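Visitor: Sharing a structure, written as C-alpha cells. Questions coming.
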Amino acid sequence: MTDGPFDRRHVLAGFGTAAGVAVAGCSDLPWNDAESTATTFSRTEIDPILTGSVPDVYRPAPVEPAASALEDARSRIDEVLEPVSDTVDPDDVPNGVVRASIADRRDSALEARDETVDAPADERYRALRTSREAREDARASATALAAIEADRESLLAELDDERATVRSTVTERLEDVDYRGEDGDDGRLRAALLFAARENDLETAARRVERWDVDATTDVVDLGSEAGDLEFAAATTSVWDHLFERYADETGERIDLEPVFADALEKSLERATDVSLPDQGEDDWLATLVDREVEQGFDQTVLWDAVRPVYSAREQLQDAVDDDRLGTGLAAALRFEGAFRAFELVRERFEDGKLASPESIEEIRAQRTAAVSAAESVRGDGTGPSLGADVLAKTVRSLERADDTLRRRADGDPEANVTLGSEYNEYVRLEARFETLPDAIAAFRGRLLED
C-alpha cells in the first residue's frame, strides 16, 4: 500500500539499472531477495513484541451532528434493505457467490448501522461519516438482489439518471465553497479541519461517481457495487449539508477565511518546493538521499518507506493548489511538513549506522516499544479540533494497524517461519513521525495563524 502514485517498482526504475536489477516481475525486486535471505522468526515469537498498549488520544471533531442525523441514516439503511431478507434463500439466488455477496454486504450494513445509532455524543461526527459506508453496503446488497429479476434495460436507465443527478450535486458542492469561519487561533484551526474533511469526502465521492462502469454485460454483483457508489456519494452530500448547517448554528460571527487559508497554503507550497529531492527518474536517485552507501534490500526499503510520503504529500499539495482546494491543500501541507521531518530523522539515524535489518525478536520489540513511547510523549499535543490533532490521531491509528499486521502474521501454521522486516520498518517510520510531529505542527500553525 502506498501513500500516493509511487511504489517500490518505481524506485528501481532508475536505481535498478546501475544495480543490475530487473524490474519486470515482483520476484526480481531486491527487497524480495532481501526478504528471502533475512532472518526469519517463528510465528510463536511474535506475541512478546506487542508489550505495552497504544495510547488513547483525542480524536477531533470540528462539529457535532444532531442525533436526528444519525437516526435519518439508520432509517435510510433500513429502507434500502427492506427487500433483503435476513436469510437470502437459494431459491431466490441460486448462484452461491452472488448469494454470499448479497448477504455479506447486508450484514456489514446492519453492523455499521447499529454502531452509528449507538455512538456516544463525542463519536457522532465519526459515526455519521461512517454511515456513508453502511448506506453503500445496503444499496449494493439490495441492488444486486433486485438485478436478478429486474428488467436490465430499465434498471440501467434508472441508474444512469441517478448517476447524472448525484454527479451534478457533488460537483456543485465542490465548486460552491465559502471558506467562512470564526477568526482567532481556535477558529482558524477548527475551520481548517472542517474544510479539509469536507473537501476530502466530496473528492472521494466525485472519484467514485466518475469511475462509473456499467453496461448491459455488467454482472449483478458489480452492478450492486456501482449502485453502492452512487449511494455513498449521495450520502456524502447529505452528511456535509447537515454538518455545515450545524457549524453555522454552533459558531458566532464568521469572516471570510479564504485569504488566510490561501496565504498559509502559498507559504507551505514555497516550503515544499524549496526542499531538495532528487528526480525519481535519475539513476541511483535513492542513494543520493543519504551520505552513506545504500545496499540492496533493507537499506533501500527503510529509506523508501520513509521518503515516499514526502513525495506523495508534495504532489498532493501541488494538486490542491492547482485545483483551488484550500482545505485539502492545508491538510497536505501539514502531511508534507510531518513526512519530511520524519524522513530527515530516519536519514540521520541511517547515516549514523543506527538502522539495520533486525536479527532478533528483541530488536523488533525494542523498536516497537520506542514507537509506542514516542506516541505516549506527544499524546497531550492534540487538544481542540485542528488538523494537528487529526494527524496525531491518524498516526496513532497507523500504529494500531501496524500491531494488527503483526497479530495477523502470528496466525497460521506455528511451525512456519516469517520475516518481519516490513513491520520493523513501519515502527521505525512511526517513531520518527511521532518524535517530529510537534515541530511539524508548530511550523504549520505558524503559517496559518500569522496575521
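The values are calculated or read from the model by the stated rules, or taken from the named source; none is laboratory data. Here the structure is a predicted model, which is why all the values come from computation and not from measurement. Here the Cβ is made from the backbone with ideal geometry for all residues, glycine too, and neighbour counts use every protein chain on show. Note: accessible area is taken over every heavy atom of the protein model, side chains too, but ligands, DNA and RNA are not part of it. Shrake-Rupley method; radii C 1.70, N 1.55, O 1.52, S 1.80 Å.
Visitor: For the stretch 68-255, build the charge dipole from Cβ charges (+1 Lys, Arg; -1 Asp, Glu) around the Cα centre, then report which of ILE255, VAL221, VAL239 sits farthest towards its positive end.
Guide: ILE255
Visitor: If you bin every alpha carbon distance in the chain into 10 Å steps from zero, what whole percent lands in each bin?
Guide: Cα pair-distance distribution for the chain, in percent: 4, 17, 24, 26, 21, 8, 0.
Visitor: Further question on the same structure: Work out the length of the dipole vector of the stretch 68-255 about its Cα centre, built from +1 on the beta-carbon of each Lys and Arg and -1 on the beta-carbon of each Asp and Glu, and round it to the nearest 20 debye.
Guide: So the dipole magnitude of the stretch 68-255 works out to roughly 460 debye.
Visitor: Right, here's the next one. Highest mean first, how do 190-196, 309-315 rank when packing is the count of other Cβ atoms within 10 Å averaged over residues?
Guide: Per-residue mean Cβ counts within 10 Å order the peptides as 190-196, 309-315.
Visitor: Once you order the gyration tensor axes a ≥ b ≥ c over the Cα atoms, which shape class does the stretch 221-344 get: rounded for a/c under 1.5, otherwise prolate or oblate by comparing a/b with b/c?
Guide: Taking the square roots of the gyration eigenvalues as a ≥ b ≥ c, the stretch 221-344 is oblate.
Visitor: Hey, another quick one. Considering only ALA138, PHE41, VAL310, whose Cα is most displaced toward the positive end of the charge dipole of the chain, charges sitting on Cβ of Lys, Arg (+1) and Asp, Glu (-1)?
Guide: The residue sitting farthest along the positive end of the dipole is PHE41.
Visitor: Measuring from label point to label point, each 7 Å out along Cα→Cβ, what is the SER75 to GLU362 span in nm?
Guide: Here the answer is 6.3 nm between the modelled labels.
Visitor: Ok, one more. Can you list, bin by bin at 5 Å, the percent of alpha carbon pairs in the stretch 68-255, starting at 0?
Guide: P(r) over the stretch 68-255, rounded to whole percents: 1, 8, 16, 17, 18, 15, 10, 7, 4, 3, 1, 1, 0.
Visitor: Okay, next question. Pick out, from ALA150, ALA196, THR169, the residue whose Cα sits farthest towards the positive end of the charge dipole of the stretch 143-203, with +1 on the Cβ of Lys and Arg and -1 on the Cβ of Asp and Glu.
Guide: ALA196
Visitor: Let me ask another. Using a Förster radius of 25 Å, what is the FRET efficiency between ASP241 and GLU115 based on their Cβ-Cβ separation? Nearest 0.05, please.
Guide: 0.65
Visitor: Another question, then. Using the Cα centre of the chain as the reference point, and only Cβ charges (+1 on K/R, -1 on D/E), how large is the resulting charge dipole? Debye, rounded to the nearest 20.
Guide: 980
Visitor: Extension gain THR130-ARG349, at 0.36 nm per residue separation less the Cα-Cα distance, in nm?
Guide: 74.9 nm
Visitor: If you don't mind, another one. Accessible area per residue for the stretch 68-255 in Å², computed with a 1.4 Å probe and the full protein assembly in place, what is it?
Guide: 48
Visitor: Something else now. When the helix-only estimate is applied to the chain (DSSP H runs of n ≥ 4, each -39,500 (n - 2.57), divided by the residue count), what is the mean residue ellipticity at 222 nm, nearest 500 deg cm²/dmol?
Guide: Computed ellipticity for the chain at 222 nm equals -23500 deg cm²/dmol.
Visitor: Would you mind working out the magnitude of the charge dipole of the stretch 242-291 relative to its Cα centre, with +1 at each Lys and Arg C-beta and -1 at each Asp and Glu C-beta, to the nearest 20 Debye?
Guide: Using Cβ point charges on Lys, Arg, Asp and Glu, the stretch 242-291 gives about 240 debye.
Visitor: Return a whole-number percent for the relative contact order of the chain, with Cα pairs under 8 Å and 6 or more residues apart as the contact set.
Guide: 27
Visitor: Taking amide H positions as placed in the peptide plane 1.01 Å from N, state which residues far from ARG180 in sequence (5 or more) or on other chains have amide H under 5 Å from it.
Guide: The answer is LEU257.
Visitor: Summarise the accessible area of the chain (1.4 Å probe, protein heavy atoms) by the percent that is carbon and sulfur.
Guide: Heavy-atom surface of the chain belonging to carbon and sulfur, 1.4 Å probe: 44 percent.
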